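Input: a single structure, listed below in structure tokens.
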Amino acid sequence: MNSQYFSAFAALAGSVVGGFMMLASSWLSQKTQARAAQLAHHRTRREELYKDFIEEAARLYADALGHNEAEIAKFVKLYALIGRMRVLSSPKIAEIAQSVANTIIETYQAPNKTFRDLQGVVNSAAIDPLRAFSEACRDELRSSGPLF
């Protein structure tokens, strides 16, 4: 009779261990999927933030090239985007974004550019105020690794 109990106990223990392993595997799989979804969502938020900043900064920079006066209200969205970057991005990204904003302010204070002046600036390979920002964003997004 002891061998019958031993066989029954072994079968029961095997079922418990198998069930536990299946539960653990399922839990780990769901945890991995949830983490991947969270990373994808965070990356998408940063991509949208960077896109919005580039569009707003480019619009303000183009306006600054042709005008000496800037309305402070025009900068609200730009600085709101920089504030969001301080929360979601690395300090380097926020610092470069602030530098872009400073360049735009300096451009407003500089003399207006004519179309002929712009042609000379383009031909001389003048500094693109968003180049460093976009490169830093690309590097940060690449370093976050590929998503599944």
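Quick notes on this one:
- Sequence-separation-based contact order of the chain, relative, with Cα cut under 8 Å and 6+ spacing, percent: 29 percent
- Computed from the alpha carbon positions, the gyration tensor of region 44-143 leads to an equivalent ellipsoid with semi-axes of 25, 16, 10 Å, biggest first.
- Backbone phi angles across region 98-103, fed through the Karplus curve with coefficients 6.51, -1.76 and 1.60 (θ = phi - 60°), yield HN-Hα couplings of 5, 4, 4, 4, 5, 4 Hz in residue order; Gly and Pro are listed as x.
- The residues 103, 114, when put in order of fewest to most other Cβ atoms within 10 Å, stand as 114, 103.
- Between the helical axis of 131-143 and the longest alpha-carbon principal axis of the chain there is an angle of about 0 degrees.
- In nm, spacing of pseudo-spin labels at residue 27 and residue 67 (7 Å Cα→C-beta vector): 6.0 nm
- Most fluctuating residue given options 32, 107, 44, as computed from a GNM of the chain linking Cα atoms under 10 Å: 32
- A DSSP coil position with no more than 15 other Cβ atoms inside 10 Å describes the following GluC sites (Glu not before Pro) in region 62-104: 69, 71.
Read-outs: derived from the displayed coordinates by stated rules, not from any lab. Since we're looking at a predicted model, the values are computed, not measured. Reconstructed Cβ throughout: ideal geometry from the backbone, glycine too, with neighbour counts over all protein chains shown.
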